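The values are calculated or read from the model by the stated rules, or taken from the named source; none is laboratory data. Since the model is a prediction, treat every value here as computed from it, not as a measurement. Cβ placement follows ideal geometry from the backbone for every residue including glycine, while neighbour counts extend to all protein chains displayed.
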Amino acid sequence: MSGLTPCLFASLLFIRAPVPAERPPDPLSRGFHRFYGTLAGCANYFNPHGLMNQDRRIAADGADYYYTDALTDAACGMVREAAARDAPFLLHVCYTAPHWPLQARPDDIARYAGAYDRGWDAVRAARHERLRAWGLVDPRWPISPRDPQSRDFHADPPARRAWEAARMEVYAAQVEAMDRAIGRLLATLRETGTADNTLVLFLSDNGGCAEFLNEDGDGERWPSVYRHTARPGETVTVGNIVGLRPGPATTFMSYDLPWANASNTPFRRYKHWVHEGGIASPCVAYWPGHAVAGAVAHRPCHVMDIMATCVELAGAAYPRERAGLAVPPLEGESLVPALAGRDTPRAAPLGWEHEGNRALRDGPWKLVQAHGGPWELYNLDDDRTELRDLAAAEPARARQMQALYEDWAARCGVRPWPLPRPGAG
């Protein structure tokens, strides 16, 4: 790609220099010129394990350190560097917020005191009404029922309800800290005069996460992995331990399935699954003078479309080979027409597979299967919340889409789940 310079995690990419073959698999080996962050997808927000600046391991700087803000400091510095060079750039800012652990500054948490005392069912209902009012959710799509593994919030004793609400308060504080950080990054684009010539895309990598972190000594693998992540001289307590206050560096919790059910309003399922609750991720685009301001586009898109978009905007020719090796063709489709307000259909179906969960989207139709379960078929124009399975009513369509899925899986090298463990006979 000529003309772009890259950055990641806060990373900055200036794509011109060749990458040495012997480099370890880090952002710098992928062509990025600047890197600040962690290689892991989550870490203690006050003292992230494995923190790096370029290819050097570093320690968190100071008692006021908070990872979301530190990533933003680095990203803003990279924007200023690129602006000073008057060079096109690709900046990839990978916030870990609001991924567990539930950790935020006390003043951010305090702003949400009492905000979730009404419980997850009331929060889901209120969010659904707002989403419909904003035009983000079609009135034809009813909210999915409460997840069978959730429960009535108000059936819990008062102390348990207070603790559950506190977990969501910290989660909300993490989101606010990230929102504030993104505002600071956009302000830096404006200050450097690059905002009007920059496409900004904001999206999440998946739906809400229902993972439960078991307490120490419960036999799960999670606690021993994260026990070392407190500040020097402090001990971290890992797990969703009722009564233990979430938020500080010395606790390591998740917000769990019932609140994830609220996060995914109005959809079913969560991260890991490929039902809409696992893969529906709104994307917010900011592109002054190009993207239609305030518009809502319901065209199905995929994260792989970002690559195709960058190729088009850079005026680059996608290569067929590099260093004598064939380059796989682009799977994605440019987002430029959708950003300009043109509702063009996708040229090819979209396929998914994650941990044995499988799906294929072709126009309004979606074929989806939870690992070990039957194929389900939905018309997402009418039923985006996947409540009316049409597989029995449309057997020919279901068979046709299953064949399309198998073709896609074979072409993309999807392997049967579960994968064999190394050394297993």
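Condition check ((1) farther than 30 Å from LEU28 by Cβ; (2) in the same structural domain as VAL238 (by TED's automatic domain parsing); (3) not in a loop (DSSP other than H, G, I, E, B)) across all residues:
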residue: ARG80; (1), (2), (3): no, no, yes
residue: CYS94; (1), (2), (3): no, no, no
residue: TRP100; (1), (2), (3): no, no, no
residue: ASP121; (1), (2), (3): yes, yes, yes
residue: ALA125; (1), (2), (3): yes, yes, yes
residue: LEU136; (1), (2), (3): yes, yes, no
residue: TRP141; (1), (2), (3): yes, yes, no
Would you check if ALA316 is surrounded by fewer than 17 Cβ atoms within 10 Å (Cβ to Cβ), of a type in the set (A, V, I, L, M), touching a residue at least 24 places away in the same chain (Cβ under 8 Å) and in a loop (DSSP other than H, G, I, E, B)? yes
Of the candidates ALA323, ALA347, ALA291, the one satisfying the condition of being surrounded by 13 or more Cβ atoms within 10 Å (Cβ to Cβ) and of a type in the set (A, V, I, L, M, F, W, C) is ALA291
Which numbered condition trips up PHE89, out of (1) buried (at least 20 other Cβ atoms within 10 Å of the Cβ); (2) modelled with pLDDT of 95 or more? (2)
So HIS154, is it closer than 29 Å to GLY243 by Cβ and of a type outside the set (Gly, Ala, Ser): yes
Any residue at all in the range 124-139 that is loosely packed, with under 12 Cβ neighbours inside 10 Å and under 24 Å from GLY247 (Cα atoms)? no
Please indicate, with yes or no, whether at least one residue in the range 360-371 is out of contact with any Gly (no Cβ under 7 Å at 6 or more places or on another chain), aromatic (Phe, Trp, Tyr) and in a loop (DSSP other than H, G, I, E, B). no
If the requirement is being β-branched (Val, Ile, Thr) and in contact with a Lys or Arg (Cβ under 6 Å, 6 or more places away or on another chain), which of these qualifies: THR68, THR72? THR72
Checking GLY193 against (1) in a loop (DSSP other than H, G, I, E, B); (2) modelled with pLDDT of 95 or more; (3) more than 30 Å from MET307 (Cβ to Cβ): exactly one of these is not met. Which one? (3)
Could you grab the pairs with beta carbons closer than 7 Å, sequence gap of 6+ or different chains, first residue in the range 144-162 and under 18 Å from GLY277 (Cβ atoms), second one outside any helix (DSSP H, G or I) and among the basic types (Lys, Arg)? SER144/ARG268
Inspect all residues belonging to the range 384-393 and state whether any of them is modelled with pLDDT under 95, assigned to a loop (DSSP other than H, G, I, E, B), of a type in the set (D, E, K, R) and not assigned by TED's automatic domain parsing to the domain that holds HIS128. no
Take GLY114 and tell me if it is assigned by TED's automatic domain parsing to the domain that holds PHE267, surrounded by 13 or more Cβ atoms within 10 Å (Cβ to Cβ) and modelled with pLDDT of 95 or more. no
Does the range 22-32 contain at least one residue that is hydroxyl-bearing (Ser, Thr, Tyr) and at pLDDT 95 or above? no
Between GLU386, GLU333, which is farther than 30 Å from PRO142 by Cα, of a type outside the set (Phe, Trp, Tyr), buried (at least 18 other Cβ atoms within 10 Å of the Cβ) and in contact with a Lys or Arg (Cβ under 9 Å, 6 or more places away or on another chain)? GLU333
